[in-house]
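Heads up: the structure comes next, in structure tokens.
Laboratory data are not the source of any read-out in this text; all were calculated from the coordinates shown. Just so it is clear, the structure is predicted and the values come from calculations on it, not from any experiment. For neighbour counting, all protein chains shown are included, and Cβ atoms are generated from backbone atoms with ideal geometry for every residue, glycine included.
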Amino acid sequence: MPSTFESRCRSCDSDNLEVFLDLGNTPLADRLVSADALDAPEPRYPLKVAFCHDCSLVQILETVDPEVLFTDNYPYFSSISPFLLQHSRDNALDLIERRRLDQDSLVVELASNDGYLLKNYVESGITVLGIDPADGPAEAAERINVPTLCDFFTIDLARRLADQGKLADVVHGNNVLAHVADTNGFVEGIKILLKPTGIAVIEVPYLKSLIDHCEFDTIYHEHLCYFSVTALDKLFRRHGLYLNEIKHLGIHGGSLRLYVEPIEDVQASVSEALADEYALGIDTIRYFEDFSLRVQHVKQSLLALLRNLKAEGKRIGAYGAAAKGATLINFIGIDTGLIDFVVDRNVHKHGKRMPGQRIPILPAEQLIELMPDYVLLLAWNFADEIRSEQNAYEASGGQFIVPIPEPGIL
Ligand code: DWN
């Protein structure tokens, strides 16, 4: 399966890139291994992270074909998490009020998945259009009356929609901006798709949270870019869009909600974030220089913890067949000698194996029956929700292990 080495910045096209983290050659994080493919080779790709000295964008240097990453059997369904569903509903209802949306409005979501967000606009009688290349989630969206184009959003698609008079009052894009190989084309497409009075509301994981909490496991081939406000501001301005407001969110280990418009009206939330990042030196390589050492510390510390527990005869499972879990187990070398199984609520993942280490994935309901002594939280970003769902496991004496920022038993 093809991939491309990028020697120039995905945002500003500079060649002044400096690698500060190398996670080795790793399998694709969401390409779960089916039972009938256990003997088939798994492609692995370099996973090196670089800093652009000219626009401060952090990015990986390998681009894997998006047709390979996001189309057939893409296993991620947003509606699995009740927390994410409520988070999304609150966002939609806030915008309906803020932007005075009605039956004459159009709301478009890029990477609309299974209709988890747009369904809230449909319930309010607002016209929507979902765009997502993964056929499974797109079909799930259609089943709940969210019209969805099963396709990648590109500048060409934006032009076709604009030519059809389909300009948007609101464009949503949650956890997609980091995923697109043509970063500038995607942003230009948003500019084309927006009405002059429209707004793009985009959620991205926040680079500062990744570094502060050592969230190296959120680095995988689906995530081409890792955004600071500094880098985002430059990216949007290049296309006549303005990052006017941001909100800090706890979801996915720390994210930003970006409010981007064709009209400049920069609020304090943005200017304060830019000033904070400048004071931190997030626009210099120095901010990233010790990150690799901190990642190595987590690796050694977590391996020692798991090995000691196994030496004591303990049984260890894991929770969350998450993409980030694939990076963690493959970079650290957590194999079936340490972890017996992974449980997950997503039925599309059951019966498959984790990429690389090929740890079997079982239904979450089985955890209480299997009753391992410890469970490694691969989906640590949903720890509260998972612990609440699995309270019987902990009440029976089971204990969870968190891997980052410091491995430890809860
Ligand atoms: O950017 C992306 C993020 C938003 O989602 C995508 N590229 C891929 C995906 O990354 P991930 O798989 O690391 O995301 P999650 O949502 O942290 O994965 C959580 C996993 O845990 C899923 O497989 C679902 C599962 N889960 C569960 O079994 N029980 C989640 C919850 C909340 C639960 O209660």
Item to check | the chain, Cα convex hull volume normalised per residue, Å³ | outcome: 135
Next on the checklist: Restricting things to Cα coordinates, could you compute the convex hull volume per residue of the stretch 202-268 in Å³?
Outcome noted: 86
Checklist entry - Excluding same-chain residues fewer than 8 positions from K247, which lysines have a Cα within less than 16 Å of its Cα? => result K208
Checklist entry - Applying 1/(1 + (r/R0)^6) with R0 = 51 Å to the Cβ-Cβ distance of E312 and D104, what FRET efficiency is obtained, to the nearest 0.05? => result 0.20
Next on the checklist: Of F83, F400, S255, which is farthest towards the positive pole of the chain's charge dipole, taken about the Cα centre with +1 and -1 on the beta-carbons of Lys, Arg and Asp, Glu respectively?
Outcome noted: F400
Checklist entry - By the gyration tensor of its Cα atoms, with a ≥ b ≥ c the square roots of the eigenvalues, what is the shape of the stretch 313-409: rounded for a/c under 1.5, prolate for a/b over b/c, or oblate? => result rounded
Next on the checklist: Among DSSP bridges having both ends in the stretch 313-409, what percentage is antiparallel? Round to the nearest 5.
Outcome noted: 20
Checklist outcome for this item: Under the rule rounded for a/c under 1.5, else prolate if a/b exceeds b/c, else oblate, using alpha carbon gyration tensor axes a ≥ b ≥ c, the stretch 69-224 is classed as rounded
Checklist entry - How large is the dipole of the stretch 1-90 about the Cα centre if only Lys and Arg carry +1 and Asp and Glu carry -1, each at its Cβ, rounded to the nearest 20 debye? => result 240
Checklist entry - Given A231, T218, P205, which one lies farthest toward the positive end of the charge dipole of the chain, if we put +1 on the Cβ of every Lys and Arg and -1 on the Cβ of every Asp and Glu? => result T218
Checklist entry - Taking only C-alpha pairs under 8 Å that are 6+ residues apart, what is the relative contact order of the stretch 313-409 in percent? => result 29
Item to check | Sequence-distant lysines (8 or more away, or on other chains) whose Cα lies within less than 22 Å of K352 | outcome: K324
Checklist entry - In square nanometres, what is the average projected area of the Cα convex hull of the stretch 110-162? => result 3.3
Next on the checklist: For a protection proxy built on the mean count of beta-carbon atoms within 10 angstrom, sort 6-14, 96-104 highest first, please.
Outcome noted: 6-14, 96-104
Next on the checklist: Strictly under 4.7 angstrom between C-beta atoms: which cysteines of the chain have no such partner?
Outcome noted: C150, C214, C225
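Under a Cβ-only charge scheme (Lys and Arg +1, Asp and Glu -1), can you give me the dipole magnitude of the chain about the Cα centre, in debye to the nearest 20?
Charge dipole of the chain: 400 debye, to the nearest 20.
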Checklist entry - Using a simple spin-label model with points 7 Å from Cα along the Cα→Cβ vector, what separation in nm is obtained for K247 and F20? => result 2.9
Checklist entry - Taking the Cα atoms of the stretch 278-332, what is the range of coordinates along each of the three principal axes, in descending order and whole Å? => result 49, 23, 17
Next on the checklist: How large are Rg and Dmax for the stretch 1-67 when calculated on the C-alpha trace, in angstrom?
Outcome noted: 14.4, 47
Checklist entry - How high is the relative contact order of the stretch 1-124, in percent, counting Cα pairs under 8 Å that sit 6 or more residues apart? => result 23
Next on the checklist: Suppose we take every Cα in the stretch 44-94 and form the convex hull; what volume per residue is that in Å³?
Outcome noted: 162
Checklist outcome for this item: the chain: relative contact order from alpha carbon pairs under 8 Å, six or more residues apart, as a whole percent, is 15
Checklist entry - Of the beta bridges DSSP finds with both residues in the chain, what % are antiparallel, to the nearest 5? => result 50
Item to check | Largest to smallest principal axis extent of the C-alpha atoms in the stretch 155-251, angstrom | outcome: 45, 27, 23
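Based on DSSP, what percent of beta bridges with both residues in the stretch 34-174 are antiparallel, to the nearest 5?
20
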Next on the checklist: Only four residue types carry charge here, +1 at the Cβ of Lys and Arg and -1 at the Cβ of Asp and Glu. Report the dipole size of the stretch 313-409 about the Cα centre in Debye, rounded to the nearest 20.
Outcome noted: 380
Item to check | Positive-end residue of Y319, L376, V347, charge dipole of the stretch 313-409 with Cβ unit charges | outcome: V347
